[in-house]
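The numbers here are math on the coordinates, done by the rules we state, and not lab data. Nothing here was measured: the structure is a model prediction, and the numbers come from that model. Because the Cβ atoms are built from the backbone with ideal geometry, glycine has one as well, and the counts that use them run over all protein chains shown.
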Amino acid sequence: MTETVLVEAREATLSFGRTPALRGASLAVTAGEILAIMGPSGSGKSTLLHCLAGILTPDSGEIRFDGRRLDTLRERERSALRRERFGFVFQSGQLVPELTAEENVAMPLLLAGVRRARALAEARSWFGRLGLDGLERRRSGELSGGQAQRIALARALVARPDVLFADEPTGALDSLTGEHVMDLLVTAARDGGTTVVLVTHEARVAACADRELVVRDGKVTTLTRTAS
Ligand SMILES: Nc1ncnc2c1ncn2[C@@H]1O[C@H](COP(=O)(O)OP(=O)(O)O)[C@@H](O)[C@H]1O
Ligand SMILES: [Mg+2]
């Protein structure tokens, strides 16, 4: 079986002022893979994820998506690509508080021009799958942390992205709730054939992935041994 590389960094470097965050980070994620990126705080995990997702542009090196350079695209094309092909889940606080849960989930579809009634119907179909029945009309202030993260997950997946980028998605949750959210994330990703790039500092979360990499001092250093 040939493995298609979908997301790739080649020797990416990036500094914030005089602080080097990435110092030649390279990795390749194959289509359909669930990859966990581990590493100590401040090692460059979030910076690497943001570069892979086209949110940050490295100072040198290359970022590729589906065989094309992402880092050299114009911002306009890059944001279209992010909107159409990527989904994002962050640690917390990402729901729009003025909107109901179902409106939050429908947002990527509405931005893509899907009619409101269809977008909301599609959004609602995720609530049952993620154990969120009955919460459709709640606002973020009326949700637990775990519920809010599952809604954020539904929003990241509703437009059926090719890649889901997740930065410490269980970081603000207790371990049992975090495990539940991870189970749902992994199941939904496998069902939809979605490639996942997941940053976490929790070994238990990383263990849900197909493969783990470690970022240290701005470089991808250790590869977990896999059966060969
Ligand atoms: N916006 C920023 N401005 C200045 N320094 C930053 C910024 N983002 C990250 N850094 C620095 O870059 C390094 C890597 O940060 P980050 O990628 O957030 O690490 P991690 O996600 O592994 O904790 C750290 O030294 C951090 O302080
Ligand atoms: Mg981080």
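Points to keep in mind about this one:
- Candidate set from the stretch 44-70 (those that are within 18 Å of the chain's Cα centre (by Cα) and part of a loop (DSSP other than H, G, I, E, B)); member that is nearest to ligand 2 (Cβ to nearest atom): G44
Residue-by-condition table, conditions (1) of a type in the set (V, I, T); (2) surrounded by fewer than 16 Cβ atoms within 10 Å (Cβ to Cβ); (3) farther than 20 Å from T4 by Cα:
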{"site": "S144", "(1), (2), (3)": "no, yes, yes"}
{"site": "Q149", "(1), (2), (3)": "no, no, yes"}
{"site": "D162", "(1), (2), (3)": "no, no, no"}
{"site": "H180", "(1), (2), (3)": "no, no, yes"}
{"site": "R190", "(1), (2), (3)": "no, yes, no"}
{"site": "V196", "(1), (2), (3)": "yes, no, no"}
{"site": "A203", "(1), (2), (3)": "no, yes, yes"}
{"site": "R216", "(1), (2), (3)": "no, yes, yes"}
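- Test: residue in the stretch 6-17 that is closer than 30 Å to D174 by Cβ and within 16 Å of ligand 2 (Cβ to nearest atom): no
- Within the stretch 13-70, the set of residues being β-branched (V, I, T), within 9 Å of ligand 1 (Cβ to nearest atom) and surrounded by fewer than 17 Cβ atoms within 10 Å (Cβ to Cβ) comprises just one member, T19.
- Test: residue in the stretch 165-173 that is without any contact (Cβ under 8 Å) to a residue 40 or more places away in the chain and not aliphatic (A, V, I, L, M): yes
- The set of residues in the stretch 75-87 that are loosely packed, with under 13 Cβ neighbours inside 10 Å and closer than 18 Å to D59 by Cβ contains only E75.
- Within the stretch 112-134, if we keep just the residues that are of a type in the set (A, V, I, L, M, F, W, C) and in a helix (DSSP H, G or I), the residue that is surrounded by the fewest Cβ atoms within 10 Å (Cβ to Cβ) turns out to be A117.
- Single residue of A156, A106 found to be within 23 Å of K45 (Cβ to Cβ), among the hydrophobic types (A, V, I, L, M, F, W, C) and in contact with a Leu (Cβ under 7 Å, 6 or more places away or on another chain): A156
- Taken together, V205, V114, V220, V199 contain a single residue that is within 16 Å of ligand 2 (Cβ to nearest atom), of a type in the set (A, V, I, L, M, F, W, C) and more than 17 Å from the chain's Cα centre (by Cα), which is V220.
- Selection status of A21, of a type in the set (G, A, S) and more than 14 Å from ligand 2 (Cβ to nearest atom): no
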